[in-house]
Amino acid sequence: MKDAEIRVALVGYGLGGRSFHAPVIAVTPGMRLAAVVTGNEERQRLVRAEHPGARIVDTPEELFRNPAGIDLAAISTPNRTHVLLALQAIDAGLAVVVDKPLASSAAEAR
């Protein structure tokens, strides 16, 4: 039986998203960069040039309201947003990978 493709939404296309996460997702067998979340027009232009098959979504809230076609959210945003975005992704029914650190304290992570 062939494994199903994991369709990834990358939340954030700054240094971490663009330089680390997107390239790894793009070359990993069984994974596909299906969407990139960024409201920044210059970064949207870069996504179109570097990953033309990826859908561009302006905000995480827009993605999480309608996560159809996405299996996993990779969160690569400023550290202070990690917990909130991870919880929103989980509430939307998505598996989640979070850039480090997950939280600024053990209490926040709990």
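The values are calculated or read from the model by the stated rules, or taken from the named source; none is laboratory data. Owing to the predicted nature of the structure, the values given are computational and were not obtained by experimental measurement. Here the Cβ positions follow ideal geometry from the backbone for every residue, glycine too, while neighbour counts run over all protein chains shown. Ligands, DNA and RNA are excluded from the accessible area calculation, which covers all protein heavy atoms including side chains. Shrake-Rupley method; radii C 1.70, N 1.55, O 1.52, S 1.80 Å.
Restricting attention to segment 59-69, the residues that are surrounded by 16 or more Cβ atoms within 10 Å (Cβ to Cβ) and either of a type in the set (D, E, K, R) or more than 10 Å from the chain's Cα centre (by Cα) (or both) total 2.
No other residue among Asn40, Asn79 is modelled with pLDDT of 95 or more and among the polar types (S, T, N, Q) apart from Asn40. The set of residues in segment 27-58 that are closer than 25 Å to Pro101 by Cβ and either in contact with an Asp or Glu (Cβ under 9 Å, 6 or more places away or on another chain) or open to solvent by 20 Å² or more (accessible area, probe 1.4 Å) (or both) comprises Thr28, Met31, Val37, Thr38, Gly39, Asn40, Arg43.
If you take the residues in segment 86-109 that are among the acidic types (Asp, Glu) and open to solvent by 60 Å² or more (accessible area, probe 1.4 Å), which one is farthest from Phe64 (Cα to Cα)?
Only one residue tops the list, namely Glu108.
Residue pairs whose Cβ atoms lie under 7 Å apart, sitting 6 or more positions apart in sequence or on different chains, and linking a residue in segment 50-63 that is touching a residue at least 12 places away in the same chain (Cβ under 8 Å) to a partner that is open to solvent by 70 Å² or more (accessible area, probe 1.4 Å) and aliphatic (A, V, I, L, M), do not occur here.
Sub-7 Å Cβ pairs linking a first residue in segment 1-17 that is farther than 18 Å from Asp71 by Cβ to a second residue that is modelled with pLDDT under 95, at least 6 apart or interchain, are Gly16/Asp99, ordered by first then second residue.
Are any residues in segment 1-23 of a type outside the set (Gly, Ala, Ser), under 18 Å from Ala95 (Cβ atoms) and surrounded by fewer than 13 Cβ atoms within 10 Å (Cβ to Cβ), and if so, which ones?
Asp3, Glu5
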